[in-house]
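One structure below.
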Amino acid sequence: MRHWRNQVNPGAGRIARAPYNFVPLPERVYAPSDEGLYGKGGAPLYDEIRDGLHSGYFECQAEALTPIYTRGPRREGRPEESRLRPEFYAIDEGGKPVLPGSSLRGMIRSIFEVLTYSRIQPVTDEKWFYRDLNTSHFIGIRYVDEMVTGNEIRAGFVRREDGGWILEECEYFKVSKRALTDADSSLDGKLAPPNKPATKWWSNAQYRPCWFRTGGYHDEVTDLSFTSRQSHQAGTLVLTGAVPRKHKEWVFATPPAGASTTHIPESVWRRFHSDEQITQWQAQSFPKNRPGPRRDDGWLRDGEPVFFVFLERLKSEENPDGLFFGRAGKFRLPYDLSPSDLCPEALRTKGPDLTDRVFGSVDTRAGQKPRRGRVRFTNGHYVGPHDDPMCTETIVPKLLLAPKPSCYPLYLVQKNQDAQHLKTYFEAHKDDTEIRGTKFYWHKWDRERGLDSVKMPDTTTESHDKVLSGILNGHPDKTHTAIRCVREGSKFRFRVYFQNLTDVELGALSSAILLPPDLAHKFGMGKPLGLGSIELKLAQVRIIDSRKRCAAWNETGEAGSEDLLETAEDAFSDAILKHCFGKKCPENLESIWSIPRLSHLESLLTAHTADDLRSVENMDISEFRNAPVLPLASKVERGATVSLRDGG
């Protein structure tokens, strides 16, 4: 039995909020054999003509229930320019927007994977990071034990050597800010002001050569000079950022000749520079190629100082010393487990499943051969009803940060709402939790404020109009973007071509495209803000008789066959119900949407918006402190809701 069936429904004061939720993991993957699905002939070739298989196309109409937006592709040689272009993906010759077929394909595939009980993919095998000095919390106890009491924190300089990287170890000492300002009065009042990128205040201090003496009970720097002194030891001043009530910085002593060195494994070097490890503050404080060569924002370069530690639990074939490092004295550590460790192997590797067979697969990590897909999506072309389907206003949306699966109260199954008994990526928790499943975003829309609810809010330090002006006039900041959306009510036509599908496969594809009444898809960018709700309707389905089409030059072989869809959907529904329940299918299950696991997908796809959107909004940072737990999708209390089709 999957752990999600015991997911706690948190009580008042312990309920987390998010613009997303999850469809839980399946009990097992539906992966019928070639013979079981296609008969003795096995899997068909792409262009094979075989009786009993279906080829043809769906012609669909997509209607935007809320504004939608998707950005155009990056232009070669100008990767940074994409963020600054507010234009829609593409504009056709008539000046109308175009929906990219690749995005439509991804939208349908994500639902197809869930409905068909396919493999959970991709699931990263990278380990997330944690840092917590609060010893009243179980994670803080673990962190302090490893970084304060249980191991020796070391220091050194990264050096380039023979195409790789090493750490050259050195001594390090604390230095008071008073000692720094005594050595250079110009630093007075400039060290580590809160909420400022370090480049704003440390240009004349960070990594500055210095000469120092140590002493006292704690062997700290007692005298420091920024001019050479024969009686003092040479070193480098190291500033590690602004922290409340922080009164000291660091001095790294110049390593002596023959100092101890440690090889940095490529995997450790890569993880240090991952998006999960490099914070926004680091990216802003160590910008690319400023003041000298640096590969990218936040990256290390030859000769820069770091703290490091050797941990027994981090030892592996790739990392025999158990090394990890960071810029601060209390840097973040990798967890024991990755998300893939908390997803049963059979749910990640068993196959080929229906998604592999219909959409194709190039993932060979599970030992499977690449497969050519048997569906093709065209672009969606605008068909009305507005003369100008584009919103009149270009806006700067609220900042959307990358998903944070390291937020274990939301991303892992929790059977207890007590913060002290939550499960995370620790080895000791492996048998009592799992990843939550496949993430989908709620449908929502602020009916009164419209696009104003999507805009970045004005603050005392920056305004929406000023940031937008900077972007449009070539003076952007490093974080914001600009967008111009397609209006709600806009309609598009596109086709989904299919080739050689069985009844079960065609029924699965039809079920993923043509959702039950009151359900809708999510498309494009800005989903957490409410953008992207889109409804698909069937304009027509055409079945192509390949034998008839090949018999004459002027023969299309096309014929309408709506009745076939009902037969195919019944075949798919029977296959999934049998997969889930065998011969003991409950009599009260009217369709696959009544299966308990898929009821959570139904909740997430319901195209309703609430008058009070708070239950599906992101929490404030302060609210994460108490580690509230995200309920199952079907347990989220949204209050009174109204269909997006009713003028939402």
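The values are calculated or read from the model by the stated rules, or taken from the named source; none is laboratory data. Keep in mind it's a predicted model, so treat the numbers as computed, not measured. As a convention, Cβ positions derive from the backbone with ideal geometry for all residues, glycine included, and neighbour counts pool all protein chains shown. Accessible surface is based on the protein model in full, side chains and every heavy atom, while ligands, DNA and RNA are left aside. Shrake-Rupley method; radii C 1.70, N 1.55, O 1.52, S 1.80 Å.
The residues of the range 331-358 that are open to solvent by 10 Å² or more (accessible area, probe 1.4 Å) and hydrophobic (A, V, I, L, M, F, W, C) amount to a single one, A346. When the residues of the range 150-181 are filtered to those that are without any contact (Cβ under 8 Å) to a residue 12 or more places away in the chain and assigned to a loop (DSSP other than H, G, I, E, B), the one that is farthest from T262 (Cα to Cα) is G150.
Checked against (1) touching a Lys or Arg at 6+ places or on another chain (Cβ under 9 Å); (2) among the polar types (S, T, N, Q); (3) modelled with pLDDT under 90, N554 passes all but condition (1).
In the range 506-536, the qualifying residues are those that are small (G, A, S) and open to solvent by 10 Å² or more (accessible area, probe 1.4 Å), and the one that is farthest from L451 (Cα to Cα) is S511. Residue check: H247 meets all listed conditions (1) modelled with pLDDT of 95 or more; (2) open to solvent by 40 Å² or more (accessible area, probe 1.4 Å); (3) more than 30 Å from the chain's Cα centre (by Cα) but one, namely (1). Restricting to the range 24-33, name every residue that is more than 30 Å from V636 (Cβ to Cβ) and open to solvent by less than 60 Å² (accessible area, probe 1.4 Å). Across the range 24-33, the qualifying residues are A31, P32. For N21, the conditions (1) open to solvent by less than 40 Å² (accessible area, probe 1.4 Å); (2) in a loop (DSSP other than H, G, I, E, B) all hold with the exception of (2).
Scanning the range 317-327 for residues that are without any contact (Cβ under 8 Å) to a residue 40 or more places away in the chain, in a loop (DSSP other than H, G, I, E, B), open to solvent by 30 Å² or more (accessible area, probe 1.4 Å) and on the phi > 0 side of the Ramachandran plot turns up nothing. Taken over the range 1-18, the criterion of being within 26 Å of W445 (Cα to Cα), open to solvent by 40 Å² or more (accessible area, probe 1.4 Å) and either part of a loop (DSSP other than H, G, I, E, B) or touching a Gly at 6+ places or on another chain (Cβ under 6 Å) (or both) is satisfied by N9, A12, G13. Inside the range 227-241, residues that are surrounded by fewer than 16 Cβ atoms within 10 Å (Cβ to Cβ) and in contact (Cβ under 8 Å) with a residue 12 or more places away in the chain make up a count of 5. Comparison of Y89, Y57, Y38 shows that the only residue that is hydroxyl-bearing (S, T, Y), over 30 Å from T567 (Cβ atoms) and buried (at least 18 other Cβ atoms within 10 Å of the Cβ) is Y89.
Just to be sure, is R83 at pLDDT below 95, open to solvent by 30 Å² or more (accessible area, probe 1.4 Å), more than 30 Å from D477 (Cβ to Cβ) and of a type outside the set (A, V, I, L, M, F, W, C)? Don't jump to the end; show me each part of the working.
On the way: at pLDDT below 95: yes; open to solvent by 30 Å² or more (accessible area, probe 1.4 Å): yes; more than 30 Å from D477 (Cβ to Cβ): no; of a type outside the set (A, V, I, L, M, F, W, C): yes.
For R83, the condition - at pLDDT below 95, open to solvent by 30 Å² or more (accessible area, probe 1.4 Å), more than 30 Å from D477 (Cβ to Cβ) and of a type outside the set (A, V, I, L, M, F, W, C) - is not met.
The number of residues in the range 376-406 being farther than 23 Å from L451 by Cβ and polar (S, T, N, Q) comes to 3. Taken as a whole, the condition of being open to solvent by less than 70 Å² (accessible area, probe 1.4 Å), closer than 24 Å to E152 by Cβ and over 37 Å from the mean Cα position of the chain (by Cα) does not apply to V309.
Within the range 598-635, if we keep just the residues that are more than 22 Å from the chain's Cα centre (by Cα) and in a loop (DSSP other than H, G, I, E, B), the residue that is surrounded by the most Cβ atoms within 10 Å (Cβ to Cβ) turns out to be A607. Pairs meeting the criteria (first residue in the range 513-524 and aromatic (F, W, Y), second residue modelled with pLDDT under 95 and surrounded by 20 or more Cβ atoms within 10 Å (Cβ to Cβ), beta carbons under 8 Å, at least 6 apart or on different chains) are F523/T70. E562: open to solvent by 30 Å² or more (accessible area, probe 1.4 Å) and either modelled with pLDDT under 90 or closer than 19 Å to S591 by Cβ (or both), yes or no? Taking the combined requirement at face value, the residue satisfies it.
If the condition is being of a type in the set (A, V, I, L, M) and part of a loop (DSSP other than H, G, I, E, B), then the range 131-149 contributes only L133. The set of residues in the range 258-303 that are more than 21 Å from Y130 (Cβ to Cβ), in a helix (DSSP H, G or I) and open to solvent by 20 Å² or more (accessible area, probe 1.4 Å) comprises E266, Q284. Selection of first residues in the range 37-57 that are under 15 Å from V504 (Cα atoms) and part of a loop (DSSP other than H, G, I, E, B) and of second residues that are among the basic types (K, R) and at pLDDT below 85, restricted to Cβ pairs under 6 Å at least 6 apart or on distinct chains, gives the following pairs, ordered by first then second residue: P44/R50. Applying the criterion of being polar (S, T, N, Q) and open to solvent by 20 Å² or more (accessible area, probe 1.4 Å) to the residues of the range 106-124, the residue that is nearest to L598 (Cα to Cα) is S110. Scanning the range 501-542 for residues that are farther than 19 Å from S118 by Cβ and over 30 Å from the mean Cα position of the chain (by Cα) yields L538, A539, Q540, V541, R542.
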